[in-house]
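Working notes, beginning with the structure itself.
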Amino acid sequence: MGQDRLETSLDIDQRSSLEIVRIIQGEDAVVTTAVALEADKIAHAVDQIVERMAHGGRMFYVGAGTSGRIAMLDASELPATYGIESSLVQVIMAGGTDAYFSAAEGAEDDDDAAIAAVNQDVKGDDAVIGIAASGTTPFTVAAVRRANMLGALTIAVTSVQGSPLAKEADIAIVPHTGPEVIMVSPRMKSGTAQNLVLNTISTAVMIRLGHVYSNLMIDMPATNEKLRNRALRMVELAAGVTRPMAAQALRDADGNVRLATVMAKRKVGAPEAKRLLEQQSLREVLKK
């Protein structure tokens, strides 16, 4: 990130709307390449997080301002998508929950609040991901430092190599996104990179933990009509049965997609489907 100015946007205030859009889109294209170069580090982070969560650990995002709001957006989607408990992926936000909706930028300097939050919530078998475009946000750096002391796995997501945050973390993911279209505006390229990295990590972790079959959200809670239709389609595809058969299985399984898939595929009732899933993975059960 840094304090550099982007040469191509020095006169952006004098450009037409189409020219502004093209400048922004041209810089956005830089982001995907920068994130792709961090693939090995992202995969390493996923492996380490999965190891922790498979043995009872949780995942925490830590951030302030834009970074914290990006983290909350990612974390809030996971229970509804993968059927996990909301406590498994949490966000420690500078300024608390009110800062998700209104600026509390001064809170990012509160080291003591960060340490207190980590002491209250984080355990040694958890994973903590600190997110800060500059890599210098005192709240985030202090939280990661304290998490290290507790024995938690720590991961940094920042745009600045060698920053305090990158140095504190066990794994530093540093997409080099370059100067922003609007100087040091972290909601732009740096924020897009953060969103891509967090989305990739959380999705890959959920896949590795078994919440996906093929490319289907097999543990998605069917809590409204739209999601019930999605669940119905997933049972059709996963079990290879007709829509009426999938619908009947879903009713008998009280909307549980994983259970309904086994019931439809193996032509068994809910108790037998549960027994099979206790003994084998879903993929093994469906191979029979």
Given (1) over 30 Å from residue 89 (Cβ atoms); (2) within 30 Å of the chain's Cα centre (by Cα); (3) at pLDDT below 95, index of the condition residue 1 fails:
(1)
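Okay, residues lined up against (1) touching a Lys or Arg at 6+ places or on another chain (Cβ under 8 Å); (2) farther than 21 Å from residue 192 by Cβ:
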| residue | (1), (2) |
| --- | --- |
| 100 | yes, no |
| 109 | no, yes |
| 114 | yes, yes |
| 118 | yes, yes |
| 124 | no, yes |
| 137 | no, no |
| 144 | no, yes |
| 162 | no, yes |
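With the structure loaded, tell me whether residue 234 is outside any strand (DSSP E or B) and in contact with a Phe, Trp or Tyr (Cβ under 8 Å, 6 or more places away or on another chain) or whether it fails that test.
On the way: outside any strand (DSSP E or B): yes; in contact with a Phe, Trp or Tyr (Cβ under 8 Å, 6 or more places away or on another chain): no.
When the stated conditions are applied, residue 234 does not pass them.
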Got a sec? Which of 155, 207, 201, 173 is closer than 19 Å to residue 47 by Cα, under 17 Å from the mean Cα position of the chain (by Cα) and surrounded by fewer than 20 Cβ atoms within 10 Å (Cβ to Cβ)?
207
Checked 180, 168 against criteria (under 17 Å from residue 66 (Cα atoms), crowded, with 21+ Cβ neighbours inside 10 Å and among the charged types (D, E, K, R)); the one match is 180
Checked against (1) touching a residue at least 60 places away in the same chain (Cβ under 8 Å); (2) over 17 Å from residue 156 (Cβ atoms); (3) acidic (Asp, Glu), residue 19 satisfies every condition except (1)
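Within region 95-121, how many residues turn out to be out of contact with any Pro (no Cβ under 9 Å at 6 or more places or on another chain) and crowded, with 24+ Cβ neighbours inside 10 Å? Show your work before the answer.
Residues of region 95-121 out of contact with any Pro (no Cβ under 9 Å at 6 or more places or on another chain): 95-107, 112-113, 115-121.
Going one step further and asking which of them are crowded, with 24+ Cβ neighbours inside 10 Å, we end up with 118.
Of the residues in that region, 1 qualify.
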Identify, by number, the condition in (1) under 23 Å from residue 89 (Cα atoms); (2) touching a residue at least 40 places away in the same chain (Cβ under 8 Å); (3) over 23 Å from the mean Cα position of the chain (by Cα) that residue 256 doesn't meet.
(2)
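The values are calculated or read from the model by the stated rules, or taken from the named source; none is laboratory data. Worth saying up front: this structure is predicted, and the values here are computed from it rather than measured. Neighbour counts run over all protein chains shown; Cβ positions are idealised from the backbone, glycine included.
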